[in-house]
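J.: Have a look at this one before I ask anything.
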Amino acid sequence: MSLTNSQYGFVTTARASTRYNTSKADNRREVVMAINKSKSEQMDVGIAVLDFDTFEFTLMDFCDTSLFVRTVNQIDIHQPTIVIAPEGPNLQFEKLRYILASNLDDTVEQRLEKARLFDVDNGVEYFKTHSHLKDCELSSSLNDRKLSVGAASALFSSCLESKLLKPTHKVRVSFVDNEKFMLIDSCAIKDLELVSSLNGSGTTLFSFLNKCTTKMGQRLLRTSIIQPLMNVDSIKLRLESVTELLSQENIMLATKNILKNFPDLDRLFASFLNPESNISQEQMINNILALKSTLLLCGDILNCLEQTESPLFTQVKEILKHENIESSLLLINKFIHEDCRMAKKSIEAAHQRANAVKSGVNGLLDVSRSVRETILEQVGEYVQSLSMENNAVVEYRHDKSRGFFLKIKSSTAFDNPDFINIIKKKNGIECTTIDLLKQSSRFGEIMAEINNISSIIISELYEQSCENTPIFFMISEAIATVDLFCCFASFISSQSKSYICPEFGNYIHIRQSRHPILENFIADFIPNDYSCVPEISRFQIITGANMSGKSVYLKQIAYILIMAQMGLYVPADYATIKIHKSILSRLSSDTSDLNASTFSNEMTEICRILKNAQQESFIIIDELGRGSSLRDGFSICLAILEHLSATRATVFTTTHFKEIAEILGNKSCVLASHMESIEVDGKLESKFKLEPGKLEVECYGIKYAESCQMLPLELLTESKLVAGLLKQQVQKCNDPHSKLVSKRKKLVLELYFALNQMRSLECTVAYKLDLLRTLQAKFVEEINDVSS
């Protein structure tokens with residue numbers, strides 16, 4: 001049994017580059033990605049990715065959008081250093097190359113390969129040569145993956161030609177089902193600062209949540225943030241494991257204490273995939289010793305998790321109990337001394353290489369070691385006799401280049417014809433003798449023989465250990481999973497305010513929620529509620545004064561949705577979350593593209609949102625239309641929002657156009673609200689609290705400018721007069737009768753949807769009657785308010 005992405009969920013535009021530097025979590029490594037696209041108009045894409053640190057070969061096939069949003073998302077996730085794409089006059093290939101050029105960092109090499117290299121049959125043959133999968137396993141695994149196998153063919157061919165990959169190298173193959181993960185587009189990843197800060201030094205969601213103690217756990221955390229789960233059962237399995245750790249804090253602390261001793265298992269185990277690789281004998285021994293300590297630590301983790309009962313921990317324990325772990329330890333102990341330790345210095349490595357193999361494993365090796373000990377005894381006796389003859393302190397040393405030599409500590413000079421190659425030092429001399437040179441020659445020969453025999457034994461042990469690489473990588477994924485759950489539990493327990501386990505339904509209802517990051521920097525952070533029912537309030541328009549917290553409100557709900565679908569508790573008193581397939585965003589921020597205006601970038605990103613919006617999308621848009629003239633910005637904003645309301649996507653948008661909230665607010669799915677602000681002594685004071693309806697405070701921009709005291713008083717007085725004249729003109733054009741009719745229609749539709757939802761409720765008749773009475777009273781009150 002293996003913990004795979006598909007089972008358990010572990011694992012654009014003309015905008016400037018959106019790739020992110022996460023060097024704090026991962027060192028720069030060589031990653032090659034090949035992208036294959038069908039020649040038809042269908043947006044079927046296949047991707048192959050090879051990570052040369054871990055020799056993991058990932059295949060994925062999916063149906064992309066017209067702007068290759070999922071493809072760009074995979075670039076953000078894997079951060080390739082080389083990207084291979086098909087060359088040719090096909091229009092789809094040209095569009096793919098354009099999208100890649102717009103989204104790849106300058107440091108990424110883009111290779112264009114002929115379309116014939118993206119051949120499925122060649123790809124299958126490459127996998128037969130470079131993977132451990134048997135023919136029958138290949139046939140079943142690669143079936144219906146023609147595009148990604150074709151991409152793999154081009155990747156293998158290019159890497160072999162450039163000698164990045166050797167003909168003897170082996171890879172481990174894994175498959176990813178992208179349809180089981182939420183899509184967070186590149187702009188949203190950047191706008192929400194999920195893994196990289198906009199200013200380069202701020203707090204990201206990754207850095208904020210990261211309490212992992214292993215490299216594998218950090219990589220899994222990063223992937224979980226960028227690719228949250230969509231399967232409710234998988235999310236609940238994660239939450240159950242995290243809840244169990246929170247209820248048994250001693251287990252969490254003990255487990256984290258052991259996890260910090262694990263090396264980077266992905267890189268360690270990758271070295272066993274290719275035993276023919278040109279690594280030194282010392283490195284082989286170090287890898288074997290690291291493997292031994294890792295397998296022993298697995299036993300310690302197993303003991304820590306013995307009392308856990310959640311399904312994912314049960315599966316982790318099954319992996320850590322695998323019989324191949326014990327057999328691997330027995331194999332290592334059979335050949336390697338128990339007291340052998342990893343070598344860091346060259347002198348330690350030489351000693352380790354000669355003595356790592358146990359006595360009794362090879363008779364010739366034992367004889368050679370005996371001869372070595374005899375030579376060392378003879379040299380010791382010889383040096384002792386020289387010390388007595390010369391009445392001086394004489395010691396000997398051994399150097400790889402010089403062999404045995406003498407160190408004589410003496411304050412007076414003396415003449416001995418036996419001493420040759422004399423080197424004067426501050427506190428004496430260094431020299432050698434003819435007899436010592438002979439012993440050096442004998443010692444060098446016997447050490448070469450010892451090292452040669454040891455090398456053969458170590459290489460055989462290394463090759464035998466390679467047979468267990470499948471279980472080794474299962475261990476790596478299991479340990480990463482345990483580290484992720486400990487990270488989540490440790491993060492939650494370290495928070496001073498409440499985090500709760502989210503529930504899941506077909507609507508969003510969150511009480512007293514908080515921004516997970518900002519609440520740690522703002523002493524009296526104001527919590528807010530979210531209520532989003534598909535038929536009544538799936539489209540929310542938020543108005544409010546400047547600096548009243550509108551943008552924070554948008555980001556806050558996005559963070560909560562991502563954290564919930566990661567399988568993490570959320571900062572609120574209560575939360576029911578609807579599962580979304582994608583998060584799309586357009587947030588107000590300065591562009592890094594010097595060749596495009598603010599409005600141009602805004603329209604480019606809105607175009608991407610319009611093409612990718614669907615019923616299961618969650619869209620956040622901040623101050624749409626602000627980059628153009630007032631009339632044009634208002635018209636475009638209204639048209640775009642009205643179109644989005646028809647897509648049935650969940651939309652949260654902020655705007656300073658209060659009239660848009662009034663116009664669209666009559667639709668049954670639209671809810672208009674505002675961030676509360678009040679006037680105190682003529683100054684505007686923000687309450688950072690969401691309230692229903694439109695903001696009653698007028699001219700808040702002017703009031704904000706007054707409170708800042710940056711503009712001349714006469715200028716502010718003139719602006720108030722102009723604002724008053726404009727208000728009078730607007731009032732003349734308003735038709736109060738049509739507004740009343742629209743509001744009544746909306747109330748009737750909302751009543752209809754509420755009654756429909758009540759029909760599906762599983763509750764007692766008495767409870768339904770109470771709800772009906774409450775609903776009746778509310779409807780009568782609101783319809784009377786509208787009529788009066």
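The values are calculated or read from the model by the stated rules, or taken from the named source; none is laboratory data. As the structure is a prediction and not an experimental result, all values here were calculated from the model. Don't worry about glycine lacking a Cβ; one is built from the backbone with ideal geometry, like all the others, and counts go over all protein chains shown. Surface areas here come from the heavy atoms of the whole protein model, side chains and all, with no ligands, DNA or RNA. Shrake-Rupley method; radii C 1.70, N 1.55, O 1.52, S 1.80 Å.
J.: Specify the residue that is nearest to residue 149 (Cα to Cα); the eligible residues are those in region 39-50 that are open to solvent by 20 Å² or more (accessible area, probe 1.4 Å) and touching a strand residue (DSSP E or B) at 6+ places or on another chain (Cβ under 8 Å).
T.: 44
J.: Taking region 96-124, which residues are in contact with a helix residue (DSSP H, G or I) (Cβ under 8 Å, 6 or more places away or on another chain) and assigned to a strand (DSSP E or B)?
T.: 110, 111, 112, 113
J.: Restricting attention to region 166-218, which residues are of a type in the set (Asp, Glu) and either open to solvent by 10 Å² or more (accessible area, probe 1.4 Å) or outside any helix (DSSP H, G or I) (or both)?
T.: 177, 179, 185, 193
J.: Of all residues in region 118-136, which are more than 17 Å from residue 45 (Cβ to Cβ) and touching a strand residue (DSSP E or B) at 6+ places or on another chain (Cβ under 9 Å)?
T.: Within region 118-136, 127, 130, 131, 132, 133 qualify.
J.: Mind checking which residues of region 130-145 are of a type in the set (Gly, Ala, Ser) and outside any helix (DSSP H, G or I)?
T.: Here is the first cut: in region 130-145, the ones of a type in the set (Gly, Ala, Ser) are 131, 139-141.
If the condition is that a residue be of a type in the set (Gly, Ala, Ser) and outside any helix (DSSP H, G or I), then 131 is the only one that fits.
J.: Tally time: how many residues in region 274-316 are touching a Phe, Trp or Tyr at 6+ places or on another chain (Cβ under 6 Å) and not in a helix (DSSP H, G or I)?
T.: The qualifying residues number 2.
J.: So, one more: From the list 567, 549, exactly one residue is in contact with a Gly (Cβ under 9 Å, 6 or more places away or on another chain) and either open to solvent by 10 Å² or more (accessible area, probe 1.4 Å) or not hydroxyl-bearing (Ser, Thr, Tyr) (or both). Which is it? Outline the logic, then answer.
T.: Values: 549 fails: in contact with a Gly (Cβ under 9 Å, 6 or more places away or on another chain).
Going through 567, 549 in turn, just one is in contact with a Gly (Cβ under 9 Å, 6 or more places away or on another chain) and either open to solvent by 10 Å² or more (accessible area, probe 1.4 Å) or not hydroxyl-bearing (Ser, Thr, Tyr) (or both): 567.
J.: Hey, can you tell me all the residues within region 257-295 that are among the basic types (Lys, Arg) and either touching an Asp or Glu at 6+ places or on another chain (Cβ under 8 Å) or farther than 16 Å from residue 480 by Cα (or both)?
T.: Those that are among the basic types (Lys, Arg) and either touching an Asp or Glu at 6+ places or on another chain (Cβ under 8 Å) or farther than 16 Å from residue 480 by Cα (or both): 267, 292.
J.: Might you check whether a residue that is loosely packed, with under 14 Cβ neighbours inside 10 Å and under 30 Å from residue 225 (Cα atoms) occurs anywhere in region 88-105? Steps first, answer last, please.
T.: Start the filter on region 88-105 by keeping residues that are loosely packed, with under 14 Cβ neighbours inside 10 Å, which leaves 89, 91, 94, 98, 101.
Narrowing the set further to residues that are under 30 Å from residue 225 (Cα atoms) leaves 98, 101.
Within region 88-105, one or more residues are loosely packed, with under 14 Cβ neighbours inside 10 Å and under 30 Å from residue 225 (Cα atoms).
J.: Next question. Restricting to region 675-687, name every residue that is in contact with a helix residue (DSSP H, G or I) (Cβ under 8 Å, 6 or more places away or on another chain) and not aliphatic (A, V, I, L, M).
T.: 677, 679, 682, 683
J.: Still on this model: Please work out which residue is modelled with the lowest pLDDT, limiting yourself to region 383-401 and to residues that are open to solvent by 60 Å² or more (accessible area, probe 1.4 Å) and in a helix (DSSP H, G or I).
T.: 389
Rundown of residues vs (1) over 30 Å from residue 565 (Cβ atoms); (2) touching a Lys or Arg at 6+ places or on another chain (Cβ under 8 Å), yes/no style:
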| residue | (1), (2) |
| --- | --- |
| 449 | yes, no |
| 452 | yes, no |
| 456 | yes, no |
| 478 | no, no |
| 491 | no, yes |
| 496 | no, no |
| 500 | no, no |
| 513 | no, no |
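J.: Now for a different question. Just give me the residues in region 402-427 being of a type outside the set (Ser, Thr, Tyr), in contact with a Gly (Cβ under 7 Å, 6 or more places away or on another chain) and at pLDDT below 85, in sequence order.
T.: 409, the sole residue that qualifies.
J.: Now for a separate question. Restricting to region 485-533, what's the tally of residues that are part of a helix (DSSP H, G or I) and crowded, with 18+ Cβ neighbours inside 10 Å? Steps first, please.
T.: Going through region 485-533, the residues part of a helix (DSSP H, G or I) turn out to be 485-494, 518-520.
Filter once more, keeping what is crowded, with 18+ Cβ neighbours inside 10 Å: 485-492, 519.
Going through region 485-533 one residue at a time, the tally reaches 9.
J.: Looking only at residues in region 304-328 that are polar (S, T, N, Q) and touching a helix residue (DSSP H, G or I) at 6+ places or on another chain (Cβ under 9 Å), which one is farthest from residue 339 (Cα to Cα)?
T.: 310
J.: Just to be sure before I move on: is residue 476 open to solvent by 10 Å² or more (accessible area, probe 1.4 Å) and either assigned to a helix (DSSP H, G or I) or among the small types (Gly, Ala, Ser) (or both) in the structure I sent?
T.: Considered against the rule, which asks whether it is open to solvent by 10 Å² or more (accessible area, probe 1.4 Å) and either assigned to a helix (DSSP H, G or I) or among the small types (Gly, Ala, Ser) (or both), residue 476 comes out as no.
J.: Taking residue 180, is it closer than 30 Å to residue 195 by Cβ, out of contact with any Ser or Thr (no Cβ under 6 Å at 6 or more places or on another chain) and of a type in the set (D, E, K, R)?
T.: Numbers: closer than 30 Å to residue 195 by Cβ: yes; out of contact with any Ser or Thr (no Cβ under 6 Å at 6 or more places or on another chain): yes; of a type in the set (D, E, K, R): yes.
Taking the combined requirement at face value, the residue satisfies it.
J.: Follow-up. How do the strands (runs of 3 or more DSSP E) wholly within region 594-706 filter down when requiring 1 or more residues that are at pLDDT 80 or above, open to solvent by less than 10 Å² (accessible area, probe 1.4 Å) and in contact with an Asp or Glu (Cβ under 7 Å, 6 or more places away or on another chain): which remain?
T.: 650-654, 670-680
J.: Sticking with this structure for a sec: Restricting attention to region 454-475, does a residue exist that is at pLDDT 90 or above and touching a Ser or Thr at 6+ places or on another chain (Cβ under 6 Å)?
T.: Within region 454-475 (the criterion being at pLDDT 90 or above and touching a Ser or Thr at 6+ places or on another chain (Cβ under 6 Å)), the answer is yes, since at least one residue qualifies.
J.: Quick one: in region 312-354, of everything that is over 22 Å from residue 268 (Cα atoms) and modelled with pLDDT under 85, which residue is least open to solvent (accessible area, probe 1.4 Å)?
T.: 354
J.: Return a yes/no flag: does region 497-518 have any residue that is at pLDDT below 95, within 25 Å of residue 746 (Cα to Cα) and of a type in the set (Phe, Trp, Tyr).
T.: Checked against the condition, which is being at pLDDT below 95, within 25 Å of residue 746 (Cα to Cα) and of a type in the set (Phe, Trp, Tyr), region 497-518 yields at least one hit.
J.: Now for a separate question. From the list 201, 174, which residue is farther than 23 Å from residue 85 by Cα and not aliphatic (A, V, I, L, M)?
T.: 201
J.: If you go through region 148-165 one residue at a time, how many are of a type outside the set (Ser, Thr, Tyr) and open to solvent by 40 Å² or more (accessible area, probe 1.4 Å)?
T.: Of the residues in that region, 4 qualify.
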